[in-house]
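Report on one structure; see the data block that follows.
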């Protein structure tokens, strides 16, 4: 096992910034009061909560009282879908989403389908982009919600959110977006994009785990998902995770302030990674859109090899990545996203996602590509599919 | 997640490769499920396996079970090779995670497929050997949770 650590799985989670941890600590040990109490001791906690809310409102271009803190991105997604289905059932029971959403959306939709809600799962093209005509054609008089992710977590494709928002508005349908991957990575203004609800999470932007948010536009009548106390304007019960929310605020503040410069640097390194991989490793392909993608995301498929083997060998070289292979998904099917963009199973099994951060260096990328070349070659030497291909047998021709 | 033995066989797989004009060759699994295993056997006139090679497309457990299976059948008679069951392979590797047990089944199937090829070519009967299924992966059922 290597002593090196090259962390290229920032789409899974990120390292918390030191400044963020420093900002959080006092709210554990000094300002630990419950923000719902009346005494002056808890005022610091209350102010910190308001301050984080103001930061989020500033980033999204909304009002502070439209920001609700939750426990995670998945909670926000669950809340948006289930509470909309409940609150708008007099209008209809139809939701439109896509085949490439995160499981927090997809599994919630499946649950809703068991409870009388009809769901349309839109296709995506080979790059992972939603077809706007198909979206508009799917709208029915009973459609109450369109939920389409801002950017895909696996292949990084950024959806045409502004156009989707305009279609939703034109038809009087609410629009929710899961922006867990995109928040603070790309500029988002909820008014310009006609977004009615948005989910985000702290740990994807160098903040702590266990805290998320939901933006809910004023006038959207969804109710509480978590019942109990009167926190979050009676819409999300549970004692506020003040240190977490402070950390989220601090992380978002830094991420938003540094966005242009930080993502430009990440994108440059990411492009360098893509260029080296695609030119130096034969039978490799890029998954997702070349330009309409998150700045830190790269996703490749390597023909004739399987993703879990690749991940273990990368791990032995000290490199953390992720794969959409069946063996890493816990089922026998490879990633639903890679299948939705039309990849055959055997190519989806050989996928690798590398996601960069502001801390990634050119040396990290060079080391990673050098190891990757060796590992892919080693696994191909072991692969009966490669053997058949070399002997001119059953290998897949073209497209790679 | 994996035992030390699994990791050892994954990192340093034994008997990777091909055998030209093999006495028996078998390929099982399918790319759709992400596992393909191919075993080559070189069997002498006394029905002793004097060489065995494998190629595998699959996860860490699939590579390790292939490697271990080749070690277990090396030097055995074809009849003795029938005792190399999926359980024997998994035990020799100090166990596999439950979700990976199907990989050891694949190793057993690959050996049986290669033995079947040998038996068919030589008009022999190996006790207990049945015609192999080619796509065992298709029959796996997804766990519900």
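For this structure, a couple of remarks:
Rundown of residues vs (1) surrounded by fewer than 16 Cβ atoms within 10 Å (Cβ to Cβ); (2) over 18 Å from residue A:293 (Cα atoms), yes/no style:
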{"site": "A:97", "(1), (2)": "no, yes"}
{"site": "A:107", "(1), (2)": "yes, yes"}
{"site": "A:111", "(1), (2)": "yes, yes"}
{"site": "A:120", "(1), (2)": "no, yes"}
{"site": "A:126", "(1), (2)": "yes, no"}
{"site": "A:139", "(1), (2)": "no, yes"}
{"site": "A:149", "(1), (2)": "no, no"}
{"site": "A:155", "(1), (2)": "no, no"}
{"site": "A:164", "(1), (2)": "no, no"}
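- Residue check for residue A:20: within 26 Å of the chain's Cα centre (by Cα) and surrounded by 21 or more Cβ atoms within 10 Å (Cβ to Cβ): yes
- Options A:371, A:396, A:290; residue that is more than 9 Å from chain B (Cβ to nearest Cβ), at negative phi, surrounded by fewer than 20 Cβ atoms within 10 Å (Cβ to Cβ) and modelled with pLDDT under 95: A:396
- Where residue A:162 falls short, out of the listed (1) in contact (Cβ under 8 Å) with a residue 40 or more places away in the chain; (2) more than 15 Å from residue A:102 (Cβ to Cβ); (3) out of contact with any helix residue (DSSP H, G or I) (no Cβ under 8 Å at 6 or more places or on another chain): (1)
- Positions within region A:274-293 being in contact (Cβ under 8 Å) with a residue 40 or more places away in the chain and over 21 Å from the mean Cα position of the chain (by Cα), in sequence order: A:276, A:277, A:280, A:281, A:283, A:284, A:285
- For region A:1-15, the set of residues classified as in contact with a helix residue (DSSP H, G or I) (Cβ under 7 Å, 6 or more places away or on another chain) and at pLDDT 95 or above consists of A:6, A:8, A:13, A:14, listed by residue number.
- Residue match in region A:39-55 (condition: without any contact (Cβ under 8 Å) to a residue 40 or more places away in the chain, out of contact with any strand residue (DSSP E or B) (no Cβ under 7 Å at 6 or more places or on another chain) and part of a loop (DSSP other than H, G, I, E, B)): yes
- Residue match in region A:238-254 (condition: within 14 Å of chain B (Cβ to nearest Cβ) and touching a residue at least 40 places away in the same chain (Cβ under 8 Å)): no
- Answer from B:41, B:72 - the residue that is more than 14 Å from every other protein chain (Cβ to nearest Cβ) and either under 30 Å from residue A:314 (Cα atoms) or part of a loop (DSSP other than H, G, I, E, B) (or both): B:72
- Restricting the first member to region B:2-16 and to residues that are within 21 Å of residue A:376 (Cβ to Cβ) and facing chain A (nearest Cβ under 8 Å), and the second to residues that are modelled with pLDDT of 95 or more and assigned to a strand (DSSP E or B), the beta-carbon pairs closer than 9 Å and six or more apart or on different chains are B:13/B:54; B:13/B:56; B:16/B:53; B:16/B:54; B:16/B:55; B:16/B:56.
- Among residues that are crowded, with 24+ Cβ neighbours inside 10 Å, modelled with pLDDT of 95 or more, in a helix (DSSP H, G or I) and more than 10 Å from the chain's Cα centre (by Cα), residue B:115 is included.
- A residue that is assigned to a strand (DSSP E or B) and farther than 20 Å from residue B:129 by Cα can be found somewhere in region B:56-63.
Residue by residue, here is whether (1) more than 17 Å from residue A:81 (Cα to Cα); (2) free of Cβ contacts under 8 Å to residues at least 40 places away in the same chain; (3) assigned to a strand (DSSP E or B); (4) out of contact with any strand residue (DSSP E or B) (no Cβ under 6 Å at 6 or more places or on another chain) holds:
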residue	(1), (2), (3), (4)
A:195	no, yes, no, no
A:204	yes, no, no, yes
A:215	no, no, yes, no
A:224	no, no, no, yes
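- Some residue of region B:82-99 being surrounded by fewer than 24 Cβ atoms within 10 Å (Cβ to Cβ), within 10 Å of another protein chain (Cβ to nearest Cβ) and not in a strand (DSSP E or B): yes
Here's the yes/no breakdown for (1) in contact with a helix residue (DSSP H, G or I) (Cβ under 8 Å, 6 or more places away or on another chain); (2) surrounded by fewer than 24 Cβ atoms within 10 Å (Cβ to Cβ); (3) farther than 16 Å from residue A:379 by Cβ:
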site: B:24; (1), (2), (3): yes, no, yes
site: B:32; (1), (2), (3): yes, yes, yes
site: B:37; (1), (2), (3): yes, no, no
site: B:44; (1), (2), (3): no, yes, yes
site: B:51; (1), (2), (3): no, yes, yes
site: B:57; (1), (2), (3): yes, no, no
site: B:66; (1), (2), (3): yes, no, no
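- Look at (1) outside any loop (DSSP other than H, G, I, E, B); (2) more than 8 Å from the chain's Cα centre (by Cα); (3) more than 12 Å from chain A (Cβ to nearest Cβ) and you find that residue B:108 fails only one, number (2).
- Of the set (1) in contact with a helix residue (DSSP H, G or I) (Cβ under 7 Å, 6 or more places away or on another chain); (2) in a loop (DSSP other than H, G, I, E, B); (3) surrounded by 14 or more Cβ atoms within 10 Å (Cβ to Cβ), all apply to residue A:272 but (2).
The values are calculated or read from the model by the stated rules, or taken from the named source; none is laboratory data. All of these numbers come straight from a predicted model, not from anything done at the bench. Positions of Cβ are backbone-derived with ideal geometry, glycine not excepted, and every protein chain shown enters the neighbour counts.
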